[in-house]
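Computed from the coordinates by the stated procedures, all read-outs in this text should not be read as laboratory data. Just so it is clear, the structure is predicted and the values come from calculations on it, not from any experiment. We place every Cβ from the backbone using ideal geometry, glycine too, and count neighbours over all the protein chains shown.
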Amino acid sequence: MNRIQTIKFLIAIVSFMLAFNILIYFSQKLEPQQFYSPDGGFSVMIEGTPKEEIQLVNTLIGALPLRAYSSEVGGIAYLVSYTDFPPQYNFNSTNAQKILDSSRDGMASNVFGKVTSERLISINGYPGRYLTIAADNGGAVKAYVYLVKNRMYMLVVATSSSRIYDNSVHNFLDSFKLEGN
C-alpha cells in the first residue's frame, strides 16, 4: 500500500468508527435511575439527572416552600415535588379531598388546560388523584397528587399529546414510593 492508499484507508476506518459511535449514541435510550430524597421521604425512577429547585408558593394559608426535582429527556418533562402544610392543619377525608380538588384546578389553570380524566387513587392508605390534562397549546399533562399527613406530593409529566401515553410516562408515575412514612 502506498502512502495515499494508507491515508484513504485510515480515513475510511475513522469515518466508520465515527459513524458507528454516533449511531450507538443516538440509539441508546436513557434508562431511568432511582432518585431518593431523604428529606422528602420518597423515591422515584426518573430519566435524566433531576435538578432541584426550591421556591415559595403563595396559598390561601400563606407562602409555603415547595421543593421540586425535574428533568427533561427527549421532549418529556418529569417533575416530582412536595410541600409541607403547617402542623396545625389536620386533614381529614373531607378537607383532604378539597385540597386535592384545589390542586387539580390549579394545575389545569397553570397550563391553560382542561382536565380530561380524573381518578381517585391512594398510596399506603393516603388519598390521591390521578389526572390527565389537555393543555391549550397541544401539550398534555399526567399527574399523581398525594396528600400524606401534612405533606403534598405531586408527580407531573408534561409532553406533547401524542407522547403522553409513552411507557416512560407511566413508569415514572408508577415508580413513586414513600420511604420511612
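Give me the number: length gained by fully extending Lys149 to Leu60, i.e. 0.36 nm times residue separation minus the C-alpha to C-alpha distance, one decimal in nm. Could you put the intermediate results ahead of the total?
On the way: separation 89, 0.36 × 89 = 32.04 nm, distance 1.87 nm.
Length difference between fully extended and current span is 30.2 nm.
Taking 0.36 nm per residue of separation and subtracting the Cα-Cα distance, what length does fully extending Tyr165 through Glu53 add? Let's see the in-between values first.
Working: separation 112, 0.36 × 112 = 40.32 nm, distance 2.68 nm.
My answer for the length gained is 37.6 nm.
What ranking, highest mean first, results for peptides 100-112, 151-163 when packing means the other Cβ atoms within 10 Å averaged over each residue?
Result, highest mean Cβ count within 10 Å first: 151-163, 100-112.
Under a point spin-label approximation (7 Å from Cα along Cα-to-Cβ), what is the Leu178-Ser122 distance to one decimal in nm?
Placing both labels 7 Å along Cα→Cβ, they lie 1.1 nm apart.
Show me, for segment 64-81, the HN-Hα J-couplings you get by feeding each phi into the Karplus relation (A = 6.51, B = -1.76, C = 1.60, θ = phi - 60°), rounded to Hz, glycine and proline as x.
These are the phi-based 3J(HN,Hα) values: 10, x, 10, 10, 10, 10, 9, 8, 9, 9, x, x, 10, 9, 10, 9, 10, 9 Hz.
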